[in-house]
Amino acid sequence: MAELATHDREEALDLVQDAMLAFASRYGNRPREEWPPLFHRILQNRIRDWHRRRQSRGRWWGRFGWPGRDDDEEADPIQQAPDPRARLPEEALMDEATMERLLEAVERLPLRQQQAFLLRVWEGLDVADTAKAMGCSAGSVKTHLSRALGNLREQLRE
C-alpha cells in the first residue's frame, strides 16, 4: 500500500518501518486482534503525512531547483542473474502486464477508495477493522469499497 501511494519502494519501506516502530512502541501490549487495524491506521497517517511533506517541499524545490541524483552506482551481477526456476517469459509478461494494469487502476482511485480497496481486498481486514484503520464508520467503508470496485470494473472493462 505504501509503495502504491509513494511510487517509490525505498520511501515505502521507510514509511512501513516508521509505522511499525510507532505501533510497537505504543500498542505492543494490546491484544493481537486489535493489531491489524491499529497498524494500518498508523501507516495511513504516515502516508498522508508523507504526501503533505512532499507537497510543501515541491513548492520550495520548484522555486530553487531540484538537486541532481548520482546514478553512478554499478549494478550487482548477482541481482541480475536469471532465476533457473523462473516461469516462461511469456507467462511472466502476461501476469506482469495484468498486475500492472490493476495497479495503475488502483493508483487512479481517489485516496479513500484506494484505502478501502487495499485494506479490505488485499490486506483481508474485515469491515470493522477497516473502519478503525481508516478512521470512519463501517458504512463509509462499504460505500468507499463499492465505489472503488465499480471504478475498477469501469477502468478494467476489457
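Throughout, read-outs are computed from the coordinates displayed, never taken from laboratory work. It should be emphasised that the depicted structure is a prediction, and the values quoted were computed from it without experimental measurement. Note that we place each Cβ from the backbone using ideal geometry, even for glycine, and neighbour counts take in every protein chain shown.
Worth a mention:
- A crude spin-label estimate for the pair residue 22 and residue 155, with each label 7 Å from Cα along the Cβ direction, gives 2.5 nm.
- Computed from label points 7 Å out along Cα-Cβ, the spacing between residue 3 and residue 100 is 1.5 nm.
- Cβ-based net charge around residue 144, under 13 Å, with every Lys or Arg adding one and every Asp or Glu removing one: +4
- Using a simple spin-label model with pseudo-atoms 7 Å out from Cα toward Cβ, residue 29 and residue 123 lie 2.4 nm apart.
- Per-peptide packing, taken as the mean over residues of other Cβ atoms within 10 Å, places 103-110, 23-30 in the sequence 103-110, 23-30 from highest down.
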